[in-house]
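Before I ask anything, let me first share the structure, which is written out below as structure tokens.
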Amino acid sequence: MEIKEALERLGVDYKILKQRFSNNEGLLKKFILKFPNDACYARLQTAVQAKDYKMVEMEAHTLKGVSANLGFEVLYLKCSELVQYLRDGHTDNVEELNKAIIEEYNKIIEGLTLVDH
């Protein structure tokens, strides 16, 4: 599947994302396909399991930025919600908020497996 179709299926505004990459589809594809190998998601999951909320906030913030840059709006919003929740001094529902991140992340990873390399 072409990168444009795969990203649009994931809800990405392809036109805006392509502009962000100077209309260079090759460069866009290169960065999109690196997303599954980005370690911040794994570090986020490790931090959640360890209940290291400072690290959870930091990794969720990083993943939020990566998601925004790559046009993964829903993942960006889920990460933003977790970051703000922690910044407001809460920790009780971190695992629940993280579940929403896991679901969206897995949806993106699954969608990216359809992209022709």
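For region 14-117, which chymotrypsin sites (Phe, Trp or Tyr not before Pro) are both in a DSSP coil and crowded by at most 16 other Cβ atoms within 10 Å? Don't skip to the end; give the middle numbers.
Numbers: sites: TYR14, PHE21, PHE31, TYR41, TYR53, PHE72, TYR76, TYR85, TYR105; in loops: PHE21, PHE72.
When the chymotrypsin sites (Phe, Trp or Tyr not before Pro) of region 14-117 are filtered for loop state and at most 16 Cβ neighbours within 10 Å, nothing remains.
Another question, then. What does the charge dipole of the chain about its Cα centre add up to, to the nearest 20 debye, if the Cβ of each Lys and Arg holds +1 and the Cβ of each Asp and Glu holds -1? Display every interim value, and only then the final one.
Values: 16 positive and 19 negative charges, 85 e Å.
With Lys and Arg at +1 and Asp and Glu at -1, about 400 debye.
Regarding region 1-52, what are the three Cα extents along the principal axes, ordered largest first, in Å?
Extents along the principal axes, in whole Å: 41, 20, 19.
Another question, if that's okay. Which pairs in the list LYS29/LYS99; LYS30/LYS51; LYS54/LYS99; LYS30/LYS64 are over 25 Å apart, alpha-carbon to alpha-carbon? Provide the component values of the computation, followed by the final result.
Details: LYS29/LYS99 27 Å; LYS30/LYS51 34 Å; LYS54/LYS99 18 Å; LYS30/LYS64 19 Å.
Going by Cα-Cα distance, LYS29/LYS99; LYS30/LYS51 fall outside the 25 Å limit.
Going by how many other Cβ atoms sit within 10 Å of their own, how do LYS78, LYS18, LYS34 line up, fewest first?
LYS34, LYS18, LYS78
Okay, next question. How are the C-alpha pair distances of the chain spread across 10 Å bins, as whole percents from the shortest bin up?
With a bin width of 10 Å, the distribution comes to 14, 46, 27, 12, 1.
Every number here is computed from the coordinates shown, using simple stated rules; none is lab data. As the structure is a computational prediction, the values presented were derived from the model and not from experiment. Reconstructed Cβ throughout: ideal geometry from the backbone, glycine too, with neighbour counts over all protein chains shown.
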